[in-house]
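Novice: Following this message is one structure expressed as structure tokens.
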Amino acid sequence: MNIIEIKNLEKHYSEADLIVKAVDNISFSVKKGEFLVIVGPSGSGKTTLINLIGGLDFPTAGEIFVDGYAIHQMKQDQLTDFRLHNIGFVFQNYNLLPVLTAKENIELIMKLQGISKKECNKRTLDLLKIIGLSERAESKPSKLSGGQQQRIAVARSIASGPKFILADEPTANLDSHSAETLLDTMQLLNQNEGTTFIFSTHDPRIMKRAKRMIRLEDGKIIDDITND
Amino acid sequence: MLLTINLAIINLMRNKKRSFFVIASIVVGITGGLLGVSIGNGYVNQLVNSVIRFETADVLIHENTFFDQMEPSAFLKNSDQLIKSVNLNNGINALTARIKINGYIRSALSSANVEIIGVDPKTDRLVFPIHEAIHTGKGNYFTDYNRIPIVMGNLLADQLGVNINSRLVLSGQTKNGDLFSSVFWVCGIYSVDNKLFEKKSVFVLLDEIAVLSGFKPDEVHEIAIKLDKNIQSSDHIVSALESQHPGLKISKWPDIRPEIFVTKSYINLTLNILISIILFAISIGIINIMILVVYERRREFGMLRALGMNKVKIFQMIMFEIIFLLLISLFISTLINFTVLSFLSQNGVPVWSVEGVNMLGVGTVDRIYPVLRWQQLIFVTGLIILLSFLSSIIPTLKVLGIHPTEAMKN
């Protein structure tokens with residue numbers, strides 16, 4: 001079952017008199033439960049593609065369907081609401097709220113969704129257990145290592161029960177050990193919970209674990225490899 | 001909404017030093033503004049009260065041309081009948097008839113221009129509390145005297161270098177335009193807030209001045225009326241008297257002392273402008289600080305937008321931060337104001353500390369007792385709440401202008 005369908009997707013930027021084709025006529029689909037990696041050199045269009053799939057940016061042309069919904073036709077406010085209920089994000093810089101504890105950061109999206117306090121609490125404690133940070137529940141992000149912060153960010157992204165998780169260079173700021181621990185956590189969630197992950201990365205450790213790899217160059221797909 | 005309130009409170013606590021300075025500056029602004037307003041109110045109230053209590057009473061009746069030239073010849077005839085007729089109106093507490101002549105007073109040391117007021121002490125004390133303004137050791141208000149008595153203000157007595165039982169010569173114009181001159185002895189020395197009044201007004205017995213200036217017993221210059229305490233406005237009595245006595249001039253204090261009325265309006269306007277400027281400055285300060293806050297938390301807001309926090313919630317969060325800042329400031333400044341004003345309304349502010357007010361030239365006071373009206377406090381509170389909404393608009397627009405992809409950038 002396809003969770004994402006992309007048809008003839010284009011994103012152009014104007015720079016002075018020059019038109020830059022960041023994404024150039026791309027089509028592919030993503031099945032539920034995939035562990036997909038988008039790779040390519042800097043400027044190949046990885047982040048632009050992630051932004052388009054995540055409803056953070058509008059395409060110049062083409063169609064994006066997420067779970068059957070045509071998000072390319074949605075307006076800004078509709079997209080905000082759609083992101084809240086359907087997409088999880090993991091950012092390169094973790095982007096946790098510094099004033100909230102680890103537990104509160106995980107609860108944040110659930111609270112925005114209007115989930116009851118009791119349910120929020122239960123899910124958060126479960127997730128903290130899964131990512132192995134139960135004992136750091138009340139710590140502020142500044143007291144956590146980069147790897148721990150990123151695991152909290154993963155827990156936050158998954159807490160709201162999204163259709164898939166978009167991770168933009170999630171290991172770029174992590175040391176080798178932290179990166180491996182984070183990837184173990186994500187792989188575990190993918191295998192046990194069936195969570196769909198889409199990464200944009202340069203990291204060979206992620207590529208090695210990927211079930212599928214799409215290679216971009218100059219905004220075009222030059223390779224789409226499924227690794228069995 | 002609970003989430004945004006919670007986040008707003010947490011965000012206020014994240015930079016305690018900044019929040020403290022913002023709150024402190026707002027508190028200083030509001031406290032200073034309200035204290036200024038209270039002193040202004042107190043000054044105006046004291047001036048107006050002093051004018052009403054000692055100079056004009058609630059309503060005055062004069063001959064129609066009395067104020068044109070202030071001539072002694074512009075007098076009321078048949079004052080006894082007039083008083084009886086006026087007394088038939090409801091709401092009148094007391095009346096008194098007076099003769100008023102511009103004159104000249106001389107002592108052995110000095111001289112001065114004065115307004116000579118001829119009074120009947122029995123009725124006059126029911127309308128004007130001059131007798132209450134004579135302190136112990138400073139004589140009396142025509143209750144105990146041996147020779148022709150005169151009561152004068154403390155400032156005038158100082159200027160003339162006289163004291164109780166001192167001898168003075170009083171000159172003035174008679175009803176027919178001739179001059180009279182007679183010797184008086186100081187019987188009492190009064191002291192009131194309105195120093196101009198204290199310096200220029202002298203009181204003599206009505207019978208004495210009537211004989212000296214050639215007036216018959218029922219010929220006077222004015223009838224002063226004190227209304228019952230429960231009468232809030234004298235307007236309807238003025239209207240009634242105007243219709244009953246169309247040939248006479250019925251006045252209230254603003255007609256007699258327009259300069260004080262103008263000053264009162266001017267001070268009220270100035271105070272409103274002062275409050276507006278202070279609140280405007282506060283709102284500009286808040287907008288400035290919140291824009292800085294938005295700039296600092298640009299990535300954070302972008303991330304929240306990316307995660308799915310909608311514009312309404314972002315707006316709520318910024319607005320609550322501002323509202324909490326203002327409410328905390330308002331609470332603290334109200335406490336400070338209440339304490340300071342409670343003290344100052346009892347003890348007064350020495351006039352040397354606000355010397356400029358006496359330079360207005362409409363009256364002088366030694367000490368100002370600040371007064372804050374509830375309406376002004378409610379007005380300021382309401383304006384602050386309104387400002388908090390308005391101040392949150394610009395920072396919120398800045399936040400909403402942040403594109404969610406900001407959060408995805410390095």
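The values are calculated or read from the model by the stated rules, or taken from the named source; none is laboratory data. No experiment lies behind these values; they were computed from the predicted model shown. Ideal geometry is used to build each Cβ from the backbone, glycine not excepted, and the neighbour counts take in all protein chains shown. Quick note on the areas: whole protein, heavy atoms, side chains included, nothing else; ligands and nucleic acids left out. Shrake-Rupley method; radii C 1.70, N 1.55, O 1.52, S 1.80 Å.
Novice: Just to verify a result, which residue in region B:206-239, among those that are over 28 Å from the mean Cα position of the chain (by Cα) and of a type in the set (A, V, I, L, M, F, W, C), is nearest to B:Gly118 (Cα to Cα)? Write out each step before concluding.
Specialist: Kept after step one, since they are over 28 Å from the mean Cα position of the chain (by Cα), are these residues of region B:206-239: B:206-221.
Filter again for of a type in the set (A, V, I, L, M, F, W, C), leaving B:206, B:209-212, B:215, B:220.
Working: B:Leu206: 4, B:Ile209: 6, B:Ala210: 8, B:Val211: 11, B:Leu212: 11, B:Phe215: 11, B:Val220: 9 Å.
By that ranking, first place goes to B:Leu206.
Novice: Would you check if A:Ala153 is buried (at least 23 other Cβ atoms within 10 Å of the Cβ) and in a helix (DSSP H, G or I)? Can you show your working first?
Specialist: Details: buried (at least 23 other Cβ atoms within 10 Å of the Cβ): yes; in a helix (DSSP H, G or I): yes.
When the stated conditions are applied, A:Ala153 passes them.
Novice: Let me ask something else. Would you check which residues across region B:192-208 are in a loop (DSSP other than H, G, I, E, B) and open to solvent by less than 40 Å² (accessible area, probe 1.4 Å) and list them? Outline the logic, then answer.
Specialist: Here is the first cut: in region B:192-208, the residues in a loop (DSSP other than H, G, I, E, B) are B:192-194.
Across region B:192-208, the qualifying residues are B:Val192, B:Asn194.
Novice: What are the residues in region A:187-212 that are surrounded by fewer than 18 Cβ atoms within 10 Å (Cβ to Cβ) and in contact with a helix residue (DSSP H, G or I) (Cβ under 8 Å, 6 or more places away or on another chain), if any? Break it down into steps so the answer makes sense when it comes.
Specialist: First, pick out the residues of region A:187-212 that are surrounded by fewer than 18 Cβ atoms within 10 Å (Cβ to Cβ): A:187-188, A:191-194, A:202, A:204-205, A:207-208, A:211.
Answer for region A:187-212, where residues must be surrounded by fewer than 18 Cβ atoms within 10 Å (Cβ to Cβ) and in contact with a helix residue (DSSP H, G or I) (Cβ under 8 Å, 6 or more places away or on another chain): A:Gln187, A:Leu188, A:Glu193, A:Arg205.
Novice: Suppose the filter is open to solvent by 50 Å² or more (accessible area, probe 1.4 Å) and under 23 Å from B:Gly308 (Cα atoms); does A:Phe82 pass it? Break it down stepwise before answering.
Specialist: Details: open to solvent by 50 Å² or more (accessible area, probe 1.4 Å): no; under 23 Å from B:Gly308 (Cα atoms): yes.
The answer is no for A:Phe82.
Novice: Which one of A:Gly33, A:Gly45, A:Gly40 is within 30 Å of A:Gly146 (Cα to Cα), in contact (Cβ under 8 Å) with a residue 60 or more places away in the chain, surrounded by fewer than 21 Cβ atoms within 10 Å (Cβ to Cβ) and of a type in the set (Gly, Ala, Ser)? Spell out how you get there, then give the answer.
Specialist: Values: A:Gly45 fails: surrounded by fewer than 21 Cβ atoms within 10 Å (Cβ to Cβ); A:Gly40 fails: surrounded by fewer than 21 Cβ atoms within 10 Å (Cβ to Cβ).
None of the others qualify; the one that does is A:Gly33.
Novice: Filter region B:134-165 for residues that are among the hydrophobic types (A, V, I, L, M, F, W, C) and farther than 11 Å from B:Ile189 by Cβ; which is most open to solvent (accessible area, probe 1.4 Å)? Working first, answer last.
Specialist: Let us first name the residues in region B:134-165 that are among the hydrophobic types (A, V, I, L, M, F, W, C), namely B:134, B:142, B:148, B:150-152, B:155-157, B:160, B:162, B:164.
Add one more test, that the residue is farther than 11 Å from B:Ile189 by Cβ, and what stays is B:142, B:148.
Working: B:Phe142: 16, B:Ile148: 54 Å².
My answer is B:Ile148.
Novice: I need the full set of residues from region A:156-186 which are open to solvent by 30 Å² or more (accessible area, probe 1.4 Å) and in contact with a strand residue (DSSP E or B) (Cβ under 7 Å, 6 or more places away or on another chain), in order please. Break it down stepwise before answering.
Specialist: Taking region A:156-186 first, the residues open to solvent by 30 Å² or more (accessible area, probe 1.4 Å) are A:161, A:163, A:172-173, A:175-177, A:180-181, A:184.
Residue satisfying the conditions is A:Lys163 alone.
Novice: Tell me, yes or no, whether region A:101-118 has at least one residue that is away from chain B (no Cβ under 14 Å) and open to solvent by 10 Å² or more (accessible area, probe 1.4 Å).
Specialist: Start the filter on region A:101-118 by keeping residues that are away from chain B (no Cβ under 14 Å), which leaves A:102, A:118.
The next check asks that each one be open to solvent by 10 Å² or more (accessible area, probe 1.4 Å); those that pass are A:118.
The answer is yes; a qualifying residue exists.
Novice: Assess whether B:Gly118 counts as being of a type outside the set (A, V, I, L, M), over 24 Å from the mean Cα position of the chain (by Cα), surrounded by 22 or more Cβ atoms within 10 Å (Cβ to Cβ) and more than 22 Å from B:Ala224 (Cβ to Cβ). Quick ask: steps written out before the conclusion?
Specialist: Working: of a type outside the set (A, V, I, L, M): yes; over 24 Å from the mean Cα position of the chain (by Cα): yes; surrounded by 22 or more Cβ atoms within 10 Å (Cβ to Cβ): yes; more than 22 Å from B:Ala224 (Cβ to Cβ): no.
No.
Novice: Select from region B:56-81 the residues that are open to solvent by less than 20 Å² (accessible area, probe 1.4 Å) and either more than 17 Å from B:Val127 (Cα to Cα) or in a helix (DSSP H, G or I) (or both) and list them in ascending order.
Specialist: Initial filter on region B:56-81 (open to solvent by less than 20 Å² (accessible area, probe 1.4 Å)): B:56-57, B:59-62, B:66, B:72, B:74, B:76, B:79.
Matches in region B:56-81: B:Thr56, B:Phe66, B:Pro72, B:Ala74, B:Leu76, B:Ser79.
Novice: Within region B:298-308, does at least one residue satisfy the condition of being within 30 Å of B:Lys398 (Cβ to Cβ) and surrounded by fewer than 17 Cβ atoms within 10 Å (Cβ to Cβ)?
Specialist: Of the residues in region B:298-308, the ones within 30 Å of B:Lys398 (Cβ to Cβ) are B:298-308.
From what's left, surrounded by fewer than 17 Cβ atoms within 10 Å (Cβ to Cβ): B:298-299.
Taking every residue of region B:298-308 in turn, at least one turns out to be within 30 Å of B:Lys398 (Cβ to Cβ) and surrounded by fewer than 17 Cβ atoms within 10 Å (Cβ to Cβ).
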